[in-house]
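The values are calculated or read from the model by the stated rules, or taken from the named source; none is laboratory data. Since the model is a prediction, treat every value here as computed from it, not as a measurement. Cβ placement follows ideal geometry from the backbone for every residue including glycine, while neighbour counts extend to all protein chains displayed.
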């Protein structure tokens, strides 16, 4: 929950969002330096190892993810500002979350496809050349070209399903709210009709007696 001086002030909200973005940019720079140091260290120890290529592949997407995360938090801050100058984006946090999820899915699909390509390329250069058969030399190149397409199709399908499902749930909740329909959590209590009859009380007593007998039967058994 943001403080009032951020939510109610155009200047305060803008500065807060800019501060968040700046903080994440610093984190991204630190992550970049950490990856560079790790890659240099591993390259000195084992220049042909797979982890060097994997770290090199991960570096860009991870740094980009941190920057996008900063943009998301900055945008979420701006959507909560109630100042009239931010009326255009105020209350659009749900839209921002949907856009964030789509970007995350695209980001991870991009990373996954490049990791697959990196591993297959490393296998061709370091393992396939030492095998007696040429089957892997023939199979891996077409698989390396098809892998990004498969990952992209899967990611697009997931993103579409998320958007449709999210919108459906929102419309259901909105319609339920308009109709005054409430979905209660399961409760273990009896609700009696507003009457002076004794039928409901008799039913309750029978249920309680049945529960006591069942508990006694389990204890003696």
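Laid out as a table, the results:
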item	result
The listed residue being outside the structural domain of residue 113 (by TED's automatic domain parsing), farther than 26 Å from residue 106 by Cα and either modelled with pLDDT of 90 or more or assigned to a helix (DSSP H, G or I) (or both), out of 12, 70	12
Tally of residues being at pLDDT 85 or above and either within 30 Å of the chain's Cα centre (by Cα) or not in a helix (DSSP H, G or I) (or both) across segment 34-49	6
Any chance residue 81 is surrounded by 15 or more Cβ atoms within 10 Å (Cβ to Cβ), part of a loop (DSSP other than H, G, I, E, B) and touching a residue at least 12 places away in the same chain (Cβ under 8 Å)	yes
Answer from 52, 31 - the residue that is over 17 Å from residue 118 (Cα atoms), in contact with a helix residue (DSSP H, G or I) (Cβ under 6 Å, 6 or more places away or on another chain) and either in the same structural domain as residue 87 (by TED's automatic domain parsing) or not in a helix (DSSP H, G or I) (or both)	31
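Every residue, every condition in (1) at pLDDT 70 or above; (2) over 26 Å from the mean Cα position of the chain (by Cα); (3) in the same structural domain as residue 65 (by TED's automatic domain parsing); (4) farther than 22 Å from residue 56 by Cα, yes or no:
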site: 145; (1), (2), (3), (4): yes, yes, no, no
site: 157; (1), (2), (3), (4): yes, no, no, yes
site: 163; (1), (2), (3), (4): no, no, no, yes
site: 171; (1), (2), (3), (4): yes, no, no, yes
